[in-house]
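Trainee: Got a structure here, written out as structure tokens. Questions coming.
The values are calculated or read from the model by the stated rules, or taken from the named source; none is laboratory data. Quantities reported herein were computed from a predicted structural model and do not represent experimental measurements. In this analysis, Cβ positions are derived from the backbone assuming ideal geometry, glycine residues included, and neighbour counts consider all displayed protein chains.
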Amino acid sequence: MPQWRVPRFKLTIEYAGSRYSGWQIQKNAKTVQGEIDRAVRSVTARKDFELYGSGRTDAGVHALAQVAHLDVSTTLPAGTLRRRLNDALPADINILAAAQVPHRFHARCGAHARRRAPLHRHARFPLVRRD
């Protein structure tokens, strides 16, 4: 199937990064992208897909609304894909939203801003409830 026929999904992701060695897949390290990659393989039964994040994060960094895009050949509607990915992901990674977008959308190139904020030691990470 030509690449332009594969649906592109915009994913908005939150995660508590304490247990992860950052966003990008690394050998011998648990990463956020690696966990989402594993969930996509499980949910879609596909190995031929592309997952791009809006940027990389360091080990232990949390995200409240990191954007990524996923190119995967599936007939699942975006809402169903989001729910199934959340079911396959660990509780500290949550897909907040998924939407099918045009191929001109790119998570990294479309990022308008990145904001860094300290997380206070006694604050609890505000993961939203999955529905």
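Trainee: When you go through PHE9, PHE49 one by one, which is the residue that is among the aromatic types (Phe, Trp, Tyr), closer than 18 Å to HIS106 by Cβ and crowded, with 21+ Cβ neighbours inside 10 Å?
Mentor: Every option except PHE9 fails the conditions.
Trainee: Taking the residues in the stretch 42-58 that are among the small types (Gly, Ala, Ser) and out of contact with any helix residue (DSSP H, G or I) (no Cβ under 7 Å at 6 or more places or on another chain) as candidates, determine which candidate is modelled with the lowest pLDDT. Please lay out each step first, then the result.
Mentor: Taking the stretch 42-58 and keeping what is among the small types (Gly, Ala, Ser), we get 42, 45, 53-55.
Next cut, out of contact with any helix residue (DSSP H, G or I) (no Cβ under 7 Å at 6 or more places or on another chain) only: 45, 54-55.
Numbers: ALA45: 95, SER54: 82, GLY55: 73.
By that ranking, first place goes to GLY55.
Trainee: Taking ALA39 as meeting all but one of (1) among the small types (Gly, Ala, Ser); (2) in a loop (DSSP other than H, G, I, E, B); (3) at pLDDT 90 or above; (4) closer than 20 Å to SER21 by Cα, write down the number of the exception.
Mentor: Among (1) among the small types (Gly, Ala, Ser); (2) in a loop (DSSP other than H, G, I, E, B); (3) at pLDDT 90 or above; (4) closer than 20 Å to SER21 by Cα, ALA39 violates only (2).
Trainee: Across the stretch 59-79, what is the number of residues that are touching a Gly at 6+ places or on another chain (Cβ under 9 Å) and at pLDDT 85 or above? So that I can check it myself, show each step before the final result.
Mentor: Of the stretch 59-79, the ones touching a Gly at 6+ places or on another chain (Cβ under 9 Å) are 59-63, 66-69.
If we keep only those that are at pLDDT 85 or above too, we end up with 66-69.
Count: 4.
Trainee: Mind listing just one residue for me: the one in the stretch 62-75 that is surrounded by fewer than 18 Cβ atoms within 10 Å (Cβ to Cβ) and without any contact (Cβ under 8 Å) to a residue 60 or more places away in the chain and, of those, farthest from SER21 (Cα to Cα)?
Mentor: My answer is THR75.
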